[in-house]
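The values are calculated or read from the model by the stated rules, or taken from the named source; none is laboratory data. Just so we're clear, the structure is a prediction, and the values are computed from it rather than from any experiment. Positions of Cβ are generated from backbone atoms using ideal geometry, with glycine treated the same way; all protein chains shown enter the neighbour counts.
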Amino acid sequence: MNKKANTVIFMLIATIINILLMIALGLVTFIILYKIFGFEDFAGLVIMIVSMAVGIGGSLLIYTKVVNWLNKTGKLEANLDPLIKPRHKGRKGN
């Protein structure tokens, strides 16, 4: 496999895992807060908002830590093609 194929496969798998992690963290937070506070008028809205925020923020934090760890071990950067390529050095911008 070449680097471009590795990059595409990594991005697809990482996206799927990130979405599943987001759902799992959100559901776990929702269940814990529901057991503690119940689901009455305003509390239900707050529980849903907090659960979504924890799911999104937690999955982003975990994803970032895992990708940084993979970069430190040297396994990621050597096998993937960069998504954003540097501009040519000889070109001058206007």
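Taken as a whole, the range 75-94 holds no residue that is within 19 Å of the chain's Cα centre (by Cα) and over 20 Å from ASN2 (Cα atoms). Kindly provide the set of residues from the range 1-48 that are among the aromatic types (Phe, Trp, Tyr) and modelled with pLDDT of 85 or more, ordered by number. The answer is PHE30, TYR34. Can you tell me which residue within the range 38-55, out of those that are surrounded by 14 or more Cβ atoms within 10 Å (Cβ to Cβ) and not polar (S, T, N, Q), is farthest from ALA14 (Cα to Cα)? Among residues in the range 38-55 that are surrounded by 14 or more Cβ atoms within 10 Å (Cβ to Cβ) and not polar (S, T, N, Q), the one farthest from ALA14 (Cα to Cα) is ALA43. For the range 9-19, filtering for residues that are aliphatic (A, V, I, L, M) and either surrounded by 13 or more Cβ atoms within 10 Å (Cβ to Cβ) or in contact with a helix residue (DSSP H, G or I) (Cβ under 9 Å, 6 or more places away or on another chain) (or both) leaves 3.
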